[in-house]
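Since the structure comes first, as structure tokens, the remarks are kept for the end.
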């Protein structure tokens, strides 16, 4: 009896995760010069948008893509998540109130770093 209940529970979870979610709004534009933009919104509140263009050439000779965008969704615990970002030759740089922030560098360490850097020529 217990194995039947466990099996039915697993089946219920699997079926619940495969509910299709409709896209209620979508737009995209790709230009011959390499610029692009896209955005979409789903019926369950997910929203995303991005625009970008070719950037500086990297060490391998290929142009980096410079992009900025944002996305929003609701976490399973009900917390609204909103992230804005920039992505370029320096990597992916997200910003959001839910993301952890490093503590400030202690003054003594900052002075030591400044001293070390001033001695390098």
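The values are calculated or read from the model by the stated rules, or taken from the named source; none is laboratory data. Everything numeric here is computed off the predicted structure, so don't read it as measured data. As a convention, Cβ positions derive from the backbone with ideal geometry for all residues, glycine included, and neighbour counts pool all protein chains shown.
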Restricting the stretch 46-61 to residues that are surrounded by 10 or more Cβ atoms within 10 Å (Cβ to Cβ) and not in a strand (DSSP E or B), which is nearest to the chain's Cα centre (by Cα)? 46
Among the residues of the stretch 50-97, count how many are touching a strand residue (DSSP E or B) at 6+ places or on another chain (Cβ under 6 Å) and over 23 Å from residue 30 (Cβ atoms). 12
Can you tell me which residue is farthest from the chain's Cα centre (by Cα) among those in the stretch 62-95 that are at pLDDT below 90 and surrounded by 12 or more Cβ atoms within 10 Å (Cβ to Cβ)? 63
Take the conditions closer than 30 Å to residue 18 by Cβ, assigned to a loop (DSSP other than H, G, I, E, B), touching a strand residue (DSSP E or B) at 6+ places or on another chain (Cβ under 8 Å) and touching a residue at least 24 places away in the same chain (Cβ under 8 Å) and apply them to residue 34. Does it pass? no
